[in-house]
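The values are calculated or read from the model by the stated rules, or taken from the named source; none is laboratory data. Note that the coordinates shown come from a computational prediction; the quantities given were computed from them, not determined experimentally. All Cβ positions, even for glycine, are placed from backbone atoms using ideal geometry, and neighbour counts span all protein chains on display.
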Amino acid sequence: MCAAHAARERGARVLVLEKADERWAGGNSAFTAGAIRMTHGGLDELGDILEADERHDVTDLEPYTAADYRDDLRRLTQGRGDEAMARILAEDSGPAVRWLHGRGLRFRLMYERQSYAVDGRHRFFGGLAVGTVDGGDGLIAMHMAAARRAGVEVRHATPVTDLVPGEGVVAGGELLRARSVVLAAGGFESNPQMRAAYLGPNWDVAKVRGTPHNTGEVLRAALAHGAQPYGNWSGCHAIQWDAGAPPTGDRELTNRFSRQLYPVGIVVNADGERFIDEGADLRNYTYAKYGAEVLRQPHGIAAQVFDAKAADLLGTIDYAAPGTTRVDADSLPELAEALAIDPDRFERTVREFNAAVQPGSFEPSVKDGKRTAGIDPPKSNWALPIDTAPFTAFPVTCGITFTFGGVRVDERARVLDGGGRPLPGLYAAGELVGGLFFHNYPGGSGLAAGAVYGRRAGYAAAAHE
């Protein structure tokens, strides 16, 4: 949709082909919370694009610079990401959000997901604060409204089955002629066969967080016509997801099966053992890789465990969503039994964890250094003993969001061939583009990348002769 807005802005006639019907329109964007990682100079600078909120007066929001953005991308991708792409994403993210605001999209601070109340003030953490009004549903509704106002045509239930370089695309058995084509069909996370082939064993049984329609046909067509494969083809964004969630996304609950508050508890596998450092970093910098860690555990499941001290932190946005899989108990043995975990092993894990917790002040909005010592894996921050009844556990599994491998594009979002030359009239944006993310992902940078490269693709496609 960002490509469509940009191309129309430059005078092009634009047709958007949507594989899904109207109810499922919007791809993975419809299943997000609408969080978008952008550069900014703090709350005062953001005031002109944010919805009014009385909480702004008691909010602490540190600036997030392009250097911060690049550093986060470099750190989380272990230096493997394309530096030129990362620079474009970082530097264009703020302007792209402001551009979207000018097209009628509305934004707000995500208090319920990205901040903690500390001493009467709201403190945002992890470089992410801004989201669309009404989350992913609102994002798609606002995009569609902007498209209608601008005269963009959208055809639903119209999957693209092939590309015809220089001429257009094949959809519904018909050649639709176009001088420029922007590919924005997502990755292959909804295709069990491709997941197993590229991501490895057991990935075919992972649950899909979002749309069932991202099955890789357009990506494979691009490769068949000479596009250069690029990026981390064995990597993906995958989170801890409600173990009782459906196999693919629920269009009503969207992202509310996510389980993101593991930093204030512990996570154990089916054998009652911890297997990750729940406090390795702020959640926005670990959540996208920990779904894969759950999938590697026995039966591909785990449980997030909290005691009464964490109850007020769990909130209601996700952990109290309709249909949440939840276990409550007055004792650890009762909790283990309800989770079908051996009580002795589970109690030993909790006992050893509690004994390893070091003194210190607990502060959930920063890396507080309240850690464990002498156990493996450690907990590097937010280590509180699990010792106060009642106890609560949330069974989780792996929920895949999107795949990291895709096609290679240049700074104008032109699709490149194996020799690094632009393929005539072919552009790409969104999750179908590879090179930005390896191993991990900073929260909110997916929607930002879609906006940044979508806008560039639309401008370049409109200018194509």
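A few points about this structure:
- Residue satisfying condition, being more than 30 Å from the chain's Cα centre (by Cα) and either without any contact (Cβ under 8 Å) to a residue 24 or more places away in the chain or in the same structural domain as ASP242 (by TED's automatic domain parsing) (or both), within set ALA320, ALA336: ALA336
- Of the set (1) over 20 Å from HIS101 (Cα atoms); (2) surrounded by fewer than 19 Cβ atoms within 10 Å (Cβ to Cβ); (3) of a type in the set (Lys, Arg), all apply to ARG10 but (1).
- Among the conditions (1) in contact with a helix residue (DSSP H, G or I) (Cβ under 6 Å, 6 or more places away or on another chain); (2) of a type in the set (Val, Ile, Thr); (3) surrounded by fewer than 14 Cβ atoms within 10 Å (Cβ to Cβ), THR316 misses just one, which is (1).
- Of the listed requirements (1) modelled with pLDDT under 95; (2) surrounded by 15 or more Cβ atoms within 10 Å (Cβ to Cβ), GLY47 misses just one: (2).
- Those residues of segment 375-388 which are more than 13 Å from VAL264 (Cα to Cα) and surrounded by 16 or more Cβ atoms within 10 Å (Cβ to Cβ), in sequence order: PRO378
- Residue in segment 57-64 that is acidic (Asp, Glu), farther than 30 Å from PHE438 by Cβ and in contact with a Phe, Trp or Tyr (Cβ under 8 Å, 6 or more places away or on another chain) present: yes
- When the residues of segment 347-374 are filtered to those that are among the small types (Gly, Ala, Ser) and free of Cβ contacts under 8 Å to residues at least 60 places away in the same chain, the one that is surrounded by the most Cβ atoms within 10 Å (Cβ to Cβ) is ALA356.
- Residue check for ALA145: small (Gly, Ala, Ser), part of a helix (DSSP H, G or I), modelled with pLDDT of 95 or more and out of contact with any helix residue (DSSP H, G or I) (no Cβ under 7 Å at 6 or more places or on another chain): yes
- Residue in segment 188-204 that is in a strand (DSSP E or B), farther than 30 Å from PRO63 by Cβ and at pLDDT 95 or above present: no
So that you can scan it fast, the table gives a plain yes or no per residue for (1) crowded, with 22+ Cβ neighbours inside 10 Å; (2) at pLDDT below 95; (3) in a helix (DSSP H, G or I):
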residue: TRP233; (1), (2), (3): no, no, no
residue: ALA238; (1), (2), (3): yes, no, no
residue: LEU253; (1), (2), (3): no, yes, no
residue: ASP271; (1), (2), (3): no, no, no
residue: GLY279; (1), (2), (3): yes, no, no
residue: ASN284; (1), (2), (3): yes, no, yes
residue: GLU293; (1), (2), (3): no, no, yes
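- Among the residues of segment 272-296, those identified as touching a Gly at 6+ places or on another chain (Cβ under 8 Å), farther than 18 Å from PHE394 by Cβ and hydrophobic (A, V, I, L, M, F, W, C) are LEU282, ALA288.
- Scanning segment 265-313 for residues that are within 21 Å of PHE124 (Cβ to Cβ) and basic (Lys, Arg) yields a total of 1.
- A single member of ARG13, ARG23 is in a loop (DSSP other than H, G, I, E, B) and charged (D, E, K, R), and it is ARG13.
- Subset of segment 18-64 (residues that are touching a Gly at 6+ places or on another chain (Cβ under 8 Å) and of a type in the set (Ser, Thr, Tyr)): SER29, THR32, THR39, TYR64
- Unique residue being in the same structural domain as SER93 (by TED's automatic domain parsing), on the phi < 0 side of the Ramachandran plot, of a type in the set (Ser, Thr, Tyr) and surrounded by fewer than 24 Cβ atoms within 10 Å (Cβ to Cβ) when the list is TYR453, TYR427, TYR459: TYR459
- Of all the residues in segment 295-324, those that are part of a loop (DSSP other than H, G, I, E, B) and at pLDDT below 95 number 10.
- Screening segment 352-465 for strands (runs of 3 or more DSSP E) wholly inside it with 2 or more residues that are touching a His at 6+ places or on another chain (Cβ under 8 Å) returns the ranges 391-403, 422-428.
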